[in-house]
1. Quick one: if the Förster radius is 35 Å, what FRET efficiency do residue 74 and residue 156 give, using the C-beta to C-beta distance and rounding to 0.05?
2. Taking the simple approach of a point 7 Å from Cα along Cα-to-Cβ for both residue 129 and residue 63, what is their distance in nm?
3. Can you sort 54, 132, 79 by how many other beta carbons sit within 10 Å, fewest first?
4. Multiplying the sequence separation of residue 84 and residue 136 by 0.36 nm and subtracting their Cα-Cα distance, what value in nm do you get?
């Protein structure tokens, strides 16, 4: 009997870490894409990028033709299109970042905060969970309304603390 309990517990622990590592990989990929965007277009572009993701939330939520969008992937695409349009509109915010040069660590912190916000938005607003099932440890970090609030707040705090050079 104890061997079966140990085997079940070990299997549970392995499954737990595999699922969490998979979700953490998704977080790392999103943060890397955001950091890559900032390196390619200029590090000062991360502030307008974060602002565009914020602006896309209410616009997406009041979009009047969502009944014509049939798949979750199209919902995500709509959010990204709105974000791109907002990024274009907010491109002047790049001057907010003093000196135009963020340090590497600061850029990574800002990228991680924006990536966390995007995952929280994906779980709470977009139908991403119909495309990708997050593990329980990841859901515990993002699914509560308090967690959603703090993940929405994280990029603002990071920009305030690290964004001014």
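Just so it is clear, none of the values below were taken in a lab; they were calculated from the coordinates. Just so it is clear, the structure is predicted and the values come from calculations on it, not from any experiment. As a convention, Cβ positions derive from the backbone with ideal geometry for all residues, glycine included, and neighbour counts pool all protein chains shown.
1. Once rounded, the FRET efficiency stands at 0.75.
2. 2.0 nm
3. With the sparsest Cβ surroundings first, the list reads 132, 54, 79.
4. Working: separation 52, 0.36 × 52 = 18.72 nm, distance 3.10 nm.
Answer, rounded to one decimal: 15.6 nm.
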